[in-house]
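Here the structure comes first, spelled out in structure tokens, and everything after it is commentary.
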Amino acid sequence: MSDAASPPPRGPLAGVRILDLTRVLAGPYCTMLLWELGAEVLKIEAPGLGDDMRTFPPFQGGESVFFATLNRGKRSLALDLTREADRAVFDDLVTGADVLVENFRPGTMEKLGYANERLLALNPGLIYARISGFGQTGPMRDLPAYDLIVQALSGMMSINGPEGGAGVRMGISIGDMAAGMFASTAISAALVERKANPAAPGRVIDIAMLDSQFVLLEQALVRYLAAGDVPKPAGSRHPMITPFDVFNAKDGPIAIACGNDRLFGLLAAALGRPSWTTDARFATMFGRFATEKELKAEIETALAGDTAAAWLARLGAAGVPCAPIHTVADIAEDPQIAARGMVVTIEDDELGVLKVPGSVFKISGYPDTPTRPPAPNLDEARGDLTPTGGGWITRKR
């Protein structure tokens, strides 16, 4: 796996070999997370065009920034799995892999001749992760899935947006990204099992975007399952805790979150309204919930007396959880994000210097470097493919 000339391990998955058949978002996000944890990732792409995401804007130097972000550090090999010669190469790679990840529509791998049984026959200890819109079972398994469709079906859209509205899509592809995160968690757990018991059988992991969004419904789902309450869009406010919302000051909005009576008391004092803590309408969590609109109007009346910046300083000093409403530009340039190393750079021959999100994984003993290797050009690893017999790409990133 390594020698004296090899660089130090990047993370706890050092030496783990990921064979990556994924494309676009859910699968590549999963394998990017595994790469950030130290694994080697070999991306198998269709000859000619490769991953569809190579064509997604924005572009820099004629290359997709989106693709470069999600596929940094990986290697690329172009294989046509309908051709016998390429199938032989793929079969050999499967025998040398620890993990295989794909996110085709269910049935695609079977049509190519790679049913679960065939893959596990090639490599009995293989961890085979399958990411799809609706999973490998159930009446919807064969339907096409995009994040918008799954957000609509999952109930996620029905609880987001302005209060009284019809519901809106979240501003990120939460279905794809959640499925990728859950898949990486399941893969990591299966790797732990195999390390503890090398004789453990191979595992097939079935992750669905719909399942992933369903479990992320959090309190909305709990409320329905426990009490039959069907949540609706509530804007920025919390559906059960008050005040926990965005409030208008003299010149703009701020976020205030008071999750208990003590914090509400701090807010009341900072706003110059200490009587709120003994007012029967607002003195208890339940009372504030029941009078949410009335309390919001009172808070905004108080906030109207000064600017957002002034109130943020005053409330923050008083210990009240509060924040400005950052734009993406604001948070990308925030000193906390900089201190955490959450923006890193890639130096790429085509794209030049590219800024991308860093890693959320901060693990002692492994460096959190300020740079990442570039994403691969299509089929660039072909010259580094080892001979048959559990072959792999010899040159790492």
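The values are calculated or read from the model by the stated rules, or taken from the named source; none is laboratory data. All figures in this text were calculated on a predicted structure; none of them were measured in a lab. When we count neighbours, we look across all protein chains shown, and the Cβ atoms used for this are built from the backbone with ideal geometry, even at glycine.
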Just a yes or no: is a residue in segment 56-76 more than 30 Å from Val353 (Cβ to Cβ) and touching a strand residue (DSSP E or B) at 6+ places or on another chain (Cβ under 6 Å)? no
Out of (1) surrounded by 17 or more Cβ atoms within 10 Å (Cβ to Cβ); (2) within 34 Å of the chain's Cα centre (by Cα), the one Pro253 does not meet is (1)
Single condition Thr82 does not satisfy, out of (1) buried (at least 19 other Cβ atoms within 10 Å of the Cβ); (2) more than 27 Å from the chain's Cα centre (by Cα); (3) under 27 Å from Asn377 (Cβ atoms): (1)
Note on segment 351-368: residues touching a residue at least 60 places away in the same chain (Cβ under 8 Å) and either in contact with a strand residue (DSSP E or B) (Cβ under 9 Å, 6 or more places away or on another chain) or at positive phi (or both) are Leu351, Gly352, Leu354, Val356, Pro357, Ser359
Among the candidates Ile174, Ile131, residue that is assigned by TED's automatic domain parsing to the domain that holds Thr22, under 20 Å from Ala220 (Cα atoms) and touching a residue at least 24 places away in the same chain (Cβ under 8 Å): Ile174
When you scan segment 186-200, do you find a residue that is in contact with a Cys (Cβ under 8 Å, 6 or more places away or on another chain) and within 20 Å of Glu40 (Cβ to Cβ), even just one? yes
Need the failing condition index for Val101 against (1) touching a Ser or Thr at 6+ places or on another chain (Cβ under 7 Å); (2) closer than 29 Å to Gln151 by Cα; (3) surrounded by fewer than 22 Cβ atoms within 10 Å (Cβ to Cβ), just the number. (3)
So, in segment 78-128, of the ones that are of a type in the set (S, T, N, Q) and touching a residue at least 40 places away in the same chain (Cβ under 8 Å), which residue ends up nearest to Phe182 (Cα to Cα)? Asn103
For segment 135-146, state whether one or more residues are in contact with a Ser or Thr (Cβ under 7 Å, 6 or more places away or on another chain), modelled with pLDDT of 95 or more and not hydroxyl-bearing (Ser, Thr, Tyr). no
Going residue by residue through segment 1-20, is there one that turns out to be closer than 25 Å to Gly175 by Cα, buried (at least 22 other Cβ atoms within 10 Å of the Cβ), in contact (Cβ under 8 Å) with a residue 60 or more places away in the chain and not hydrophobic (A, V, I, L, M, F, W, C)? yes
Which residues, taken from segment 165-182, are more than 10 Å from the chain's Cα centre (by Cα) and under 19 Å from Thr69 (Cα atoms)? Gly171
Give the number of residues within segment 187-246 that are among the small types (Gly, Ala, Ser) and surrounded by fewer than 18 Cβ atoms within 10 Å (Cβ to Cβ). 9
Kindly evaluate Thr394 against the criterion of being out of contact with any helix residue (DSSP H, G or I) (no Cβ under 8 Å at 6 or more places or on another chain), modelled with pLDDT under 95 and polar (S, T, N, Q). no
Kindly indicate whether Lys74 is surrounded by 20 or more Cβ atoms within 10 Å (Cβ to Cβ), of a type in the set (Lys, Arg) and assigned by TED's automatic domain parsing to the domain that holds Asn123. yes
